[in-house]
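The values are calculated or read from the model by the stated rules, or taken from the named source; none is laboratory data. Just so we're clear, the structure is a prediction, and the values are computed from it rather than from any experiment. Every residue, glycine among them, receives a Cβ derived from its backbone with ideal geometry; neighbour counts consider all protein chains shown. Side chains are part of the model used for accessible areas, which takes the heavy atoms of the whole protein and leaves out ligands, DNA and RNA. Shrake-Rupley method; radii C 1.70, N 1.55, O 1.52, S 1.80 Å.
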Amino acid sequence: MIVLGIETSCDETAAAVVRDDRAILAERLFSQLAEHRPWGGVVPEIAARAHLERLDRLVADAMAEAGLAFAELDAVAATAGPGLIGGVIVGVTTAKAIAAVAEKPFLAVNHLEAHALSPRLVGELDFPYLLLLVSGGHSQLLAVEGIGRYRRLGTTLDDAVGEAFDKAAKLLGLGFPGGPAIEAAARTGDPRRYGLPRPLLGRPGCDFSFSGLKTALRQAIGEASSLTPERTADLAASFQAAVADALADRTRHALARFRRENARGRTLVAAGGVAANASLRERLAATAAEAGFAFLAPPQALCTDNGAIVAWAGIERLKLGLTDGLDFAPRPRWPLDPAAPKALGAGVKA
Ligand code: KG4
Ligand code: ZN
């Protein structure tokens with residue numbers, strides 16, 4: 001089974017050809033960093049236009065590298081939401097057109113599901129498992145019980161973790177995207193120099209909050225007479241440590257609840273762009289071990305947005321016969337667990 005996967009929900013234009021034995025036959029990715037950097041964040045209009053300009057070429061190149069014609073695919077998958085709607089429309093329309101011409105099934109993939117199933121692209125992993133999904137638009141703890149079966153244990157009450165990293169980097173003048181910049185700056189910094197708050201630490205439940213941390217960082221920057229490279233590194237390290245403490249605390253609660261509610265499944269998975277952060281990975285691995293869970297995070301390139309995880313989610317759905325009609329409408333919002341109560345201020349991208 002071979003599926004083409006297309007990703008255009010945020011600022012990465014990506015296409016990949018993946019086989020059901022987990023082989024990534026070809027992949028192409030264009031990060032629109034230069035386009036958005038002058039604005040300090042992703043501009044939806046610019047993103048949509050950049051997807052439109054690049055996608056056809058990326059798809060053609062990926063197919064050529066895989067040495068396949070569209071007729072040799074088993075299906076075409078695209079992220080159909082949640083995300084910036086202009087970009088999602090570009091990806092979905094392209095995938096539908098290929099599917100229609102090649103007379104192959106179309107698969108509308110939930111971008112969050114692509115992240116949620118990404119560890120199964122890396123290796124054998126049975127359901128259920130506990131997922132910490134941390135990206136630019138989402139911070140969620142989910143019990144992954146099967147394809148299309150997700151139970152949300154916690155979510156962010158305000159900013160997503162990636163968003164918090166991006167805003168913190170902006171405050172520190174470290175540029176965009178913030179996550180990798182903070183991680184790099186933190187490497188030489190002292191994480192104990194600034195006592196930033198650990199939002200919700202010790203409180204019951206599995207929800208997150210990051211806006212107070214951002215405010216505290218702004219204050220700490222204001223109190224410093226100037227942002228020397230050393231101070232910037234210390235602030236970045238202190239911020240990263242506060243995020244790690246908060247994530248570890250919330251995850252600890254979720255691990256306990258997951259254990260109570262599931263007789264099987266003792267693996268914690270971290271996915272999404274923020275899961276690329278090495279120090280967070282280390283911390284989460286320790287948190288999992290304390291609870292008697294294994295820890296797993298896809299390689300960095302499969303944590304941030306890419307076409308392979310979309311193709312893989314497509315393969316998982318195709319195996320179950322879960323194909324979609326060409327009338328499937330792109331969705332700016334598309335929760336994985338529709339039964340979960342709406343959280344205030346939850347982001348729209350993933
Ligand atoms: O999943 P993703 O590629 O895109 C979506 O949000 O859909 O996640 C992007 C987010 C950005 O906020 C970025 O700053 C963050 O992931 N990120 C990181 C790191 N690499 C990317 N955050 C912390 N540390 C990193 N190394
Ligand atoms: Zn994502």
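Which residue, of ARG257, ARG218, ARG198, ARG231, is within 28 Å of HIS115 (Cβ to Cβ) and either in contact with a Gly (Cβ under 9 Å, 6 or more places away or on another chain) or in a helix (DSSP H, G or I) (or both)? Give the steps one after another, and end with the answer.
Values: ARG218 fails: within 28 Å of HIS115 (Cβ to Cβ); ARG198 fails: either in contact with a Gly (Cβ under 9 Å, 6 or more places away or on another chain) or in a helix (DSSP H, G or I) (or both); ARG231 fails: within 28 Å of HIS115 (Cβ to Cβ).
Step by step, each of ARG257, ARG218, ARG198, ARG231 is checked, and only ARG257 is within 28 Å of HIS115 (Cβ to Cβ) and either in contact with a Gly (Cβ under 9 Å, 6 or more places away or on another chain) or in a helix (DSSP H, G or I) (or both).
Please pick out the residue among ASP56, ASP21 that is under 14 Å from GLY307 (Cα atoms), open to solvent by 30 Å² or more (accessible area, probe 1.4 Å) and not in a strand (DSSP E or B). Steps first, answer last, please.
Working: ASP21 fails: under 14 Å from GLY307 (Cα atoms).
None of the others qualify; the one that does is ASP56.
When you scan the range 305-320, do you find a residue that is buried (at least 24 other Cβ atoms within 10 Å of the Cβ), within 16 Å of ligand 2 (Cβ to nearest atom) and either over 20 Å from ARG120 (Cβ atoms) or not assigned by TED's automatic domain parsing to the domain that holds ALA78 (or both), even just one?
For the range 305-320, residues buried (at least 24 other Cβ atoms within 10 Å of the Cβ), within 16 Å of ligand 2 (Cβ to nearest atom) and either over 20 Å from ARG120 (Cβ atoms) or not assigned by TED's automatic domain parsing to the domain that holds ALA78 (or both): absent.
Report, ordered by the first and then the second residue, all pairs with beta carbons closer than 6 Å, sequence separation of six or more or different chains, a first member in the range 34-50 that is outside the structural domain of LYS170 (by TED's automatic domain parsing), and a second member that is open to solvent by less than 100 Å² (accessible area, probe 1.4 Å) and charged (D, E, K, R).
So the pair list comes out as HIS36/ASP11; VAL42/ASP11; ILE46/GLU35; ALA47/ASP11; ALA50/GLU35.
Working only within the range 73-101, note down all residues that are out of contact with any strand residue (DSSP E or B) (no Cβ under 7 Å at 6 or more places or on another chain) and part of a helix (DSSP H, G or I). Please lay out each step first, then the result.
Initially, the range 73-101 is screened for residues out of contact with any strand residue (DSSP E or B) (no Cβ under 7 Å at 6 or more places or on another chain), giving 82-87, 89-90, 93, 97, 100-101.
Scanning the range 73-101 gives ILE85, GLY86, GLY87, ILE89, VAL90, THR93, ALA97, ALA100, VAL101.
Out of ARG259, ARG252, which single residue is open to solvent by 30 Å² or more (accessible area, probe 1.4 Å), in contact with a Ser or Thr (Cβ under 7 Å, 6 or more places away or on another chain), basic (Lys, Arg) and outside the structural domain of SER9 (by TED's automatic domain parsing)? It would help to see each step written out before you state the result.
On the way: ARG259 fails: in contact with a Ser or Thr (Cβ under 7 Å, 6 or more places away or on another chain).
When all the criteria are applied, what remains is ARG252.
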